[in-house]
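The values are calculated or read from the model by the stated rules, or taken from the named source; none is laboratory data. Just so it is clear, the structure is predicted and the values come from calculations on it, not from any experiment. In this analysis, Cβ positions are derived from the backbone assuming ideal geometry, glycine residues included, and neighbour counts consider all displayed protein chains. For accessibility, only protein heavy atoms count, side chains too; no ligands or nucleic acids. Shrake-Rupley method; radii C 1.70, N 1.55, O 1.52, S 1.80 Å.
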Amino acid sequence: MDFTFTEEQQAAVEAARAVFSDVAPDRAPSPALTRGAVAEDIDRRLWHELARTDLLGLTLSPDHGGAGLDPIALCLVLRESARVLARVPLLESCAVATALQRYGDRTLAAELLPRAGRGELILTIGANGRTGHDPAELAVSAKPYGDGDGGDDGPDDGGSGWVLDGVQTAVPWAQVADWIAVPAHTTGGRQVLALVPRTRDGVTLADQVSTNGERLAEVRLEAVRVEARELIAAAGCWDWLRSLLTTGTCALALGLGERVLAMTADYTGKREQFGFPVATFQAVAIQAADRYIDLRAMEATLWQAAWRISTGSGGPLPAAGDVAVAKIWASDGVRRVVQTAQHLHGGFGADTDYPLHRYHAWAKQIELSLGPAAAHEEALGDLLAAHPLG
C-alpha cells in the first residue's frame, strides 16, 4: 500500500504544526484536580487561529471558502491536534460541515459553511444515542408535519418540515455550539440527519463531563420543529458521517499515542538506575518496542480507513469493515500505550505537575468514544458473516 501524502495534504500538516506549536497541554486546569469541567468554553484563541489559517475549512469546497481537501487531510490535522490535547471541536465541526456539503440542502450549505470555515459558527453532533451503547439514530424519532402530510417520505408541501423527539447523550461542547447535528429515524425506519440550532424551541441541555474533563451535554428534543431543508434524508449520509467521525477519532488516538511514546522515550533515556539509563534495560526496551508496533498498526489501519471513505474505493468488505479494524486497533492500542507509559514513568507519571496523566485521561475518553474495541469487533464479525471472503 502506498500512503504517500499529496503536497496539499503535507501543507495542511505544516500549517497545523505551526498553529499547535505554542499550545500547551496544560493550558486548562487538570481534570484530576477539578470538579466538573476543566473549562466552560473551548479554547477560543486556538479556534480563531485555526480559522485564520483556513484549517476549519480544510474539507470545504472553494465555493464555500474552503481548501477542497479530503478526509485524509482532516485526519492528518487531527493527528497533530491530539499531540497537544487541543481543546476544540475540530473533528465534530469539520465532519458535520463536510456531511452538509456532501449531502445537504444547497441553500443551507451556502448560508452555514462559509461562516463555519471562518470560525463564526461551531457545529457539533450527537453520535452516542441515549446511552452510548445503542445506535444513535434510534434515540431520536423524526415525523413529518405540515399541510399535505406525505407520510414517511415527508410532507409534500415545500414549506413543511419535521418534528424531532428523543435524547442524545454526551454531545461534545453542545453548550457553546450554534448548530447540533442529530441522527434520527423515521417511522419507516429510514436514517436521517437533522441540523438543529441550539436555541430552537424544545431543545434543552443538561451538563455532563467527559473523562478528560471536557464539557458534554445531554440534549433533549421535545417536539422540536425543523424545516425540510434542515433535515438530510439522503441515503448513506449518516453511515458516511459516522464512519468519518470514527476514523477521525482513530487519528486522535494515533497522535496522542505518538506523543506519549515520545515522552516515554525521553524520560527513560534520561532516568538512570544503577548508573545506566533505564531505556537500556531489556525489559523497558521490549515494552517500548511493543507499543511502537501498536502505533504502526494504528497508523496503517487509520490511513486504509481514511482512504476508503475519501475515495469510495471498493474492496472485499464495505468501507465500514476498514473503519471497524482501525477503531479496534486505535482503542486497544492507545490504551496499551498510555498504560505502558505510566508503568515506565513510575511514580513520576502520576505527578499532576507533569502532563502524562492528562494524556491518560484523554486516551480513555478516545478509547470509548463511538464504541470501544469490543463493539467494533462485533460489527466486523457481522460484516464478515454477510460478506464471506472465501
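The sole residue among 229, 242, 215, 220 that is touching a strand residue (DSSP E or B) at 6+ places or on another chain (Cβ under 6 Å) and among the basic types (Lys, Arg) is 220. When residues in segment 75-118 are screened for being under 19 Å from residue 334 (Cβ atoms), part of a helix (DSSP H, G or I) and not acidic (Asp, Glu), 10 of them pass. Residues in segment 73-84 that are open to solvent by 20 Å² or more (accessible area, probe 1.4 Å) and closer than 16 Å to residue 241 by Cβ: 0 in all.
Close Cβ contacts (under 9 Å, 6 or more residues apart or on different chains) running from residues in segment 40-57 that are surrounded by fewer than 12 Cβ atoms within 10 Å (Cβ to Cβ) to residues that are of a type in the set (D, E, K, R) comprise 40/215.
Look at (1) crowded, with 18+ Cβ neighbours inside 10 Å; (2) free of Cβ contacts under 8 Å to residues at least 24 places away in the same chain; (3) within 30 Å of residue 93 (Cβ to Cβ) and you find that residue 249 fails only one, number (2). The set of residues in segment 77-98 that are within 20 Å of residue 365 (Cα to Cα) and either without any contact (Cβ under 8 Å) to a residue 24 or more places away in the chain or of a type in the set (A, V, I, L, M, F, W, C) (or both) comprises 77, 78, 82, 84, 85, 86, 88, 90, 91, 94, 95. Identification of helices (runs of 4 or more DSSP H) wholly contained in segment 284-390 with 3 or more residues that are out of contact with any helix residue (DSSP H, G or I) (no Cβ under 8 Å at 6 or more places or on another chain) yields 356-368, 373-386.
Checking each residue in segment 284-325 for being under 25 Å from residue 262 (Cα atoms), among the basic types (Lys, Arg) and open to solvent by less than 50 Å² (accessible area, probe 1.4 Å) picks out only 291.
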